[in-house]
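The values are calculated or read from the model by the stated rules, or taken from the named source; none is laboratory data. On a predicted model such as this, the values are computed, not experimentally measured, just so you know. Backbone-built Cβ (ideal geometry, glycine too); neighbour counts: all protein chains shown. Just so you know, the surface numbers come from the protein's heavy atoms only, side chains and all, with ligands and any DNA or RNA stripped out. Shrake-Rupley method; radii C 1.70, N 1.55, O 1.52, S 1.80 Å.
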Amino acid sequence: GDFFQPDLPKADLYVLCRILHDWTEDKVNLILSNVYKCLPSGKELILSLGLPLPALTPSGDKTNP
C-alpha cells in the first residue's frame, strides 16, 4: 500500500521499519494518521526507528552529548 493514501489495505498489524526518519514532520504525520485511520480496533502498529550514529570527533572519539 501507499502510506500517503488514506485507503491502506486492511491489516491486523502494520510494521514501519526505518521509514519515518526520511520524511518531513508533515509527511510523518500524514503517514501515521493514515495508518491509524485504517487500523482496526484492538490491532497494532509497530515502529522501528533507526537512530543516527554519533559523529566522530577529529580524534576519533565517538562520545558526544
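Keeping all protein chains in the complex and leaving out DNA, RNA and ligands, what accessible area do you get for Glu44 with a 1.4 Å probe, in Å² to the nearest 10?
110
Among Asp26, Asp12, Asp2, what's the order by accessible area (1.4 angstrom probe), most exposed first?
Details: Asp26 120, Asp12 100, Asp2 75 Å².
Accessible-area ranking of Asp26, Asp12, Asp2, largest first: Asp26, Asp12, Asp2.
Label point 7 Å out from Leu47 along Cα-to-Cβ: which residues of segment 4-39 have amide N under 14 Å?
Within reach of a label on Leu47, which here means backbone N under 14 Å from a point 7 Å along Cα→Cβ, segment 4-39 contributes 14-37.
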